[in-house]
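One structure is given below, encoded as structure tokens.
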Amino acid sequence: MTDPTTDNAGQSRDAGTARASLEALRAEIAKAVVGQDPAVTGLVVALLCRGHVLLEGVPGVAKTLLVRALASALELDTKRIQFTPDLMPSDVTGSLVYDTRTAEFSFQPGPVFTNLLLADEINRTPPKTQSSLLEAMEERQVTVDGTPRPLPEPFLVAATQNPVEYEGTYPLPEAQLDRFLLKLTIPLPSRQDEIDVLTRHASGFNPRDLRAAGVRPVAGPADLEATRAAVAKTTVSPEITAYVVDICRATRESPSLTLGVSPRGATALLATSRAWAWLTGRDYVIPDDVKALALPTLRHRIQLRPEAEMEGVTADSVINAILTHVPVPR
């Protein structure tokens, strides 16, 4: 009979190695992307929670480069879809094509059949095409001609949207926004970071050639599986569970909001807090973990009242106020 202590030690070593590999991601991605550590961390948290990410930022802040660099550092397949008003659902999922040689229809997979899907400017395509991603995101499969087809594992959608130029766009409905685990805002770089970016380009950096930039795989799907198993064992006390519920319930009672966080949002906050706790080296969740992930997990799940928006209130300011007033467990 195998000694369980030996088994546990082995599992612990595997999880520790996987954690070290994921921690090395930041340094590896920094070879291509300057100053976006919070976004890198958010993408890793989403991968550990089997969730999806909405990236919001003005054009030119390296959203596409960030996803490509993450895929290279994790040795994952990645594809990109440029969402446009004339994009059809079959352009995302794939379609049946008639083969004249065999006189039969064969399925040609669409770009959704990948590990990391970059859905660029998702709010520029009509709702019918946007909704074609819903089944893929929620069920991790697509159905073409009545046949369900499973997607690769791991599978993450990183969708981008531009916070300006709303003309001709199709805002994502609340039901679809709620399918994203996190909403990450990609800010403009600081002055020094922007100098570093220009210095790299002056030295010959080519964002289309990540290999030349020195980006190498430092982790892979096996590491993700090991970390997911470890995250699932991270302890959550009843007090922390109640704290998450109190935060989410407070959004439903806020006078600044017409829509608060649903129970699905509360579940998402608990999951991301566990992943963050494990990444920081703990096997239990503390209130600071919940606070650290509250903004990216909840900001897209609430809806401001028009009068509050006119007064300059933002989703982030409402959540920060709630975090200040909800009692923290001791």
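Just one of the numbered conditions (1) of a type outside the set (Phe, Trp, Tyr); (2) touching a helix residue (DSSP H, G or I) at 6+ places or on another chain (Cβ under 8 Å); (3) within 17 Å of residue 326 (Cα to Cα) is not true of residue 288; which one?
With respect to (1) of a type outside the set (Phe, Trp, Tyr); (2) touching a helix residue (DSSP H, G or I) at 6+ places or on another chain (Cβ under 8 Å); (3) within 17 Å of residue 326 (Cα to Cα), residue 288 is out only on (2).
Given the condition in contact (Cβ under 8 Å) with a residue 12 or more places away in the chain, open to solvent by less than 60 Å² (accessible area, probe 1.4 Å), farther than 20 Å from residue 316 by Cβ and of a type in the set (S, T, N, Q), answer yes or no: does some residue in segment 268-280 qualify?
No, there is no match, as no residue in segment 268-280 is in contact (Cβ under 8 Å) with a residue 12 or more places away in the chain, open to solvent by less than 60 Å² (accessible area, probe 1.4 Å), farther than 20 Å from residue 316 by Cβ and of a type in the set (S, T, N, Q).
Find the residue count for segment 304-318, including only residues that are under 19 Å from residue 250 (Cα atoms) and either in a loop (DSSP other than H, G, I, E, B) or touching a residue at least 24 places away in the same chain (Cβ under 8 Å) (or both).
Of the residues in segment 304-318, 6 are under 19 Å from residue 250 (Cα atoms) and either in a loop (DSSP other than H, G, I, E, B) or touching a residue at least 24 places away in the same chain (Cβ under 8 Å) (or both).
So, of the residues in segment 39-75 that are touching a Ser or Thr at 6+ places or on another chain (Cβ under 9 Å) and open to solvent by 20 Å² or more (accessible area, probe 1.4 Å), which turns out to be farthest from residue 129 (Cα to Cα)?
72
When you check residue 114 against the structure, is it more than 24 Å from residue 316 (Cα to Cα) and of a type in the set (S, T, N, Q), yes or no?
Answer is yes for this residue.
Checking residue 286 against (1) among the aliphatic types (A, V, I, L, M); (2) under 15 Å from residue 248 (Cα atoms); (3) free of Cβ contacts under 8 Å to residues at least 60 places away in the same chain: exactly one of these is not met. Which one?
Of (1) among the aliphatic types (A, V, I, L, M); (2) under 15 Å from residue 248 (Cα atoms); (3) free of Cβ contacts under 8 Å to residues at least 60 places away in the same chain, only one is false for residue 286: (2).
Would you check which residues across segment 78-111 are open to solvent by 70 Å² or more (accessible area, probe 1.4 Å) and within 28 Å of residue 211 (Cα to Cα) and list them?
79, 80, 109
For segment 74-105, what are the residues that are small (Gly, Ala, Ser) and in contact with a strand residue (DSSP E or B) (Cβ under 9 Å, 6 or more places away or on another chain)?
Within segment 74-105, 90, 94, 95 meet the criteria.
Considering only residues that are crowded, with 18+ Cβ neighbours inside 10 Å and not hydrophobic (A, V, I, L, M, F, W, C), which ones fall in segment 292-304?
296, 297, 299, 300, 301, listed by residue number.
With respect to residue 297, determine if the residue is part of a helix (DSSP H, G or I), among the β-branched types (Val, Ile, Thr) and under 28 Å from residue 23 (Cα atoms).
yes
Which helices (runs of 4 or more DSSP H) does segment 112-217 wholly contain that include 3 or more residues that are open to solvent by 40 Å² or more (accessible area, probe 1.4 Å) and within 30 Å of residue 228 (Cα to Cα)?
The qualifying helices (runs of 4 or more DSSP H) are 127-139.
The values are calculated or read from the model by the stated rules, or taken from the named source; none is laboratory data. In this text, all values refer to a predicted model and were calculated from it rather than measured experimentally. A quick note on method: Cβ atoms are made from the backbone with ideal geometry, for glycine too, and the neighbour counts reach across all protein chains shown. Just so you know, the surface numbers come from the protein's heavy atoms only, side chains and all, with ligands and any DNA or RNA stripped out. Shrake-Rupley method; radii C 1.70, N 1.55, O 1.52, S 1.80 Å.
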